[in-house]
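The values are calculated or read from the model by the stated rules, or taken from the named source; none is laboratory data. These figures come from a predicted structure and were not determined experimentally. Note that each Cβ is placed from the backbone with ideal geometry, even for glycine, and that neighbours are counted across all protein chains shown. For accessibility, only protein heavy atoms count, side chains too; no ligands or nucleic acids. Shrake-Rupley method; radii C 1.70, N 1.55, O 1.52, S 1.80 Å.
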Amino acid sequence: MNLVADVCIVGAGPGGALLGYLLAKKGISSIVLERHRGIDKEFRGEHLNRDGELVLKKYDLYDQVEQAGLLLMERIEYWHQGANIKTVTPAAGEQHVGIHVPQRNLLNVLIAASESYPHYKLMMGTKVTELIFQNGTVTGLKAKQGDQDLTIHSKIVVGADGRFSSVRRLAEMPFSTIPHGYDLLWAKIPSPKDWEPTIKNALIDGQQLALFTQAGGFIQIGWNIQEGSFPALKQQSFTPFIEKVIQAFPELTETVQAHIHSWDDFILLKVQSCQCPTWVKDGVVIMGDAAHTMSPTGAFGINCALLDADCLAEVLTEALDQRDVSAARLKNFELARRGSIETLQTLQLEKETHYHDQFNVPNLT
Ligand SMILES: Cc1cc2nc3c(=O)[nH]c(=O)nc-3n(C[C@H](O)[C@H](O)[C@H](O)COP(=O)(O)OP(=O)(O)OC[C@H]3O[C@@H](n4cnc5c(N)ncnc54)[C@H](O)[C@@H]3O)c2cc1C
């Protein structure tokens, strides 16, 4: 099958989905490819900060996401030995310290809004396999949807395909990873009755344990462990490990005992961030985690992907208007966004190094 669009976006995560909507709104024809068949992936970051909230409000999308379901966090708390030692409340004039938005709800809203435009097309279960080059400029891509081969001709290809970006690899854009020294164990449990919408942090064996309250009556447990240590941990008895969660948060005793029984109830997530020396080449641009993978610290990544989409929609519109899809023109996106991204990546590393300071408990490692 052969298809034609002004822009072909690879990846319908938060960044790609918002970009698809913004381009559709501007009358630009776009095809969005997503390798998953559905948008219901479990275990991904789902907390928005003020930046993400403002982008959604700017395009009148926030109310729809709110209707679909979200939860405003009332406090960030720091706990030590079963006691709350510090609380961060919303800044003056703010209603929350973060928002839990189930990604299903966010993506459903973005996709439904996009699909009202006839020049927008979303193709689920579709993976990019090759970029098409003409005289060194990317002019489209080849993809597979099940057994079917597709060729899409577009003026610009956008790689919004996350940390393991195929577009980045196919365009031969180099990247360097930043190690963070930790991996993350995630588990989801029902929240106890009357559990308030909070983010609670503790320090266990010198590492961060965080509880994120989720919309729909759940708590996401995020437990940092030393990078690469999970295979060895799994050889050890599970009971003393989970006892530490209960000691840190005694209120969770019943729900943890009812829902977490073994190492298999945790999902391991490898943590790293990355930087790319360039985000653009002639006819192709990468954005979001593909251009600058963010670590989970501080919950910045989705927000950055949304801000990227907002900025890139403008740059692509101008490039298409002026019939100039050269790297030099697309670079305006990178110039606008790279500085704040790199500042946040440095902040993530600092927050990780100084996490202990929140507890004022020296020498706990
Ligand atoms: C454990 C963890 C927790 C996090 N928590 C938070 C948080 O609370 N708040 C926050 O803001 N950020 C968080 N982050 C970061 C955040 O998840 C990412 O920064 C964000 O998802 C990036 O959005 P994106 O749209 O660029 O990419 P992604 O969300 O990764 O989306 C990329 C999409 O591209 C698709 N894709 C990939 N390859 C192909 C292909 N070849 N063809 C077609 N489609 C493809 C993928 O299926 C995916 O849907 C967390 C990260 C981790 C690892």
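Apply 1/(1 + (r/R0)^6) to the Cβ-Cβ distance of E314 and E243, taking R0 = 56 Å, and write down the FRET efficiency to the nearest 0.05.
0.60
Taking a ≥ b ≥ c as the square roots of the Cα gyration tensor eigenvalues, with a/c under 1.5 meaning rounded and otherwise prolate when a/b beats b/c, else oblate, which class fits segment 257-338?
Since a/c reaches 1.5 and a/b is larger than b/c, the shape of segment 257-338 is classed as prolate.
What would the Debye equation give as log₁₀ I(q)/I(0) for segment 53-175 at q = 0.15 Å⁻¹, counting only Cα atoms as equal point scatterers?
These q points yield log10 I(q)/I(0) values of -0.91.
Would you mind telling me which residue in D51, D282, D147 has the biggest mean-square fluctuation in a Gaussian network model of the chain, where springs connect alpha carbons within a distance under 10 angstrom?
Result: D147 has the largest fluctuation of those listed.
Run through segment 1-62 and list the GluC sites (Glu not before Pro) located in a DSSP loop whose Cβ has at most 14 other Cβ atoms within 10 Å.
When the GluC sites (Glu not before Pro) of segment 1-62 are filtered for loop state and at most 14 Cβ neighbours within 10 Å, E42 remain.
Simple spin-label model, 7 Å along Cα-to-Cβ: E196 to K142 in nm?
It is 5.9 nm.
At R0 = 25 Å, how high is the FRET efficiency between Q95 and Q67 if r is their beta carbon distance? Nearest 0.05 is fine.
0.90
Amide H of I9 versus every other amide H placed in the peptide plane: which residues, excluding those fewer than 5 positions away on the same chain, fall under 5 Å?
Hits under the 5 Å cutoff: I31, V32, L33, V158.
Beyond a 31 Å Cα-Cα separation, which of these cross-linked pairs lie in this structure: K193/K244; K155/K270; K58/K144; K127/K270; K127/K188?
K155/K270; K58/K144
Given only helices, namely DSSP H runs of n ≥ 4 each adding -39500 (n - 2.57), what is the per-residue ellipticity at 222 nm of the chain, to the nearest 500 deg cm²/dmol?
When only DSSP H runs of four or more count, the value is -10000 deg cm²/dmol.
Can you give me the long-range amide H partners of I85? Hydrogens built in the peptide plane at 1.01 Å from N, cutoff under 5 Å, separation of 5 or more residues or another chain.
Y78, W79, H80
Once amide H atoms are placed 1.01 Å from N in the peptide plane, what residues at a sequence separation of 5 or more from T293, or on another chain, have their amide H within under 5 Å of its amide H?
Excluding prolines and chain starts, which carry no amide H, the hits are C274.
First measure r as the distance between the Cβ atoms of E251 and N135, then evaluate 1/(1 + (r/R0)^6) with R0 = 56 Å and state the FRET efficiency to the nearest 0.05.
0.30
So how much slack lies between E342 and K86, counting 0.36 nm per residue of separation and subtracting their Cα-Cα distance, in nm?
Value of the extension gain: 89.2 nm.
Give the carbon-plus-sulfur fraction of the accessible surface of segment 161-208 in %, rounded to a whole number; probe 1.4 Å, heavy atoms of protein chains only.
51
Net charge near T255: determine it from the other residues with C-beta under 15 Å of the C-beta of T255, scoring Lys and Arg +1 and Asp and Glu -1.
Net charge around T255: -3.
What are the equivalent ellipsoid semi-axes of segment 1-113, built from the alpha-carbon gyration tensor (square roots of five times its eigenvalues), in whole angstrom, biggest first?
34, 16, 10
Work out how much length I204 to E172 would gain on full extension: take 0.36 nm times their residue separation and subtract the Cα-Cα distance, in nm to one decimal.
Additional length available on full extension: 7.4 nm.
For the chain, divide the Cα radius of gyration by the Kirkwood radius and give the resulting Rg/Rh value with two decimals.
Here the Rg-to-Rh quotient is 0.99.
Largest first and in whole Å, give the semi-axes of segment 108-182's equivalent ellipsoid, each being the square root of 5 times a Cα gyration tensor eigenvalue.
24, 20, 13
So for segment 173-267, what percent of the C-alpha to C-alpha distances run longer than 16 Å?
Summing the P(r) tail past 16 Å for segment 173-267 gives 57 percent.
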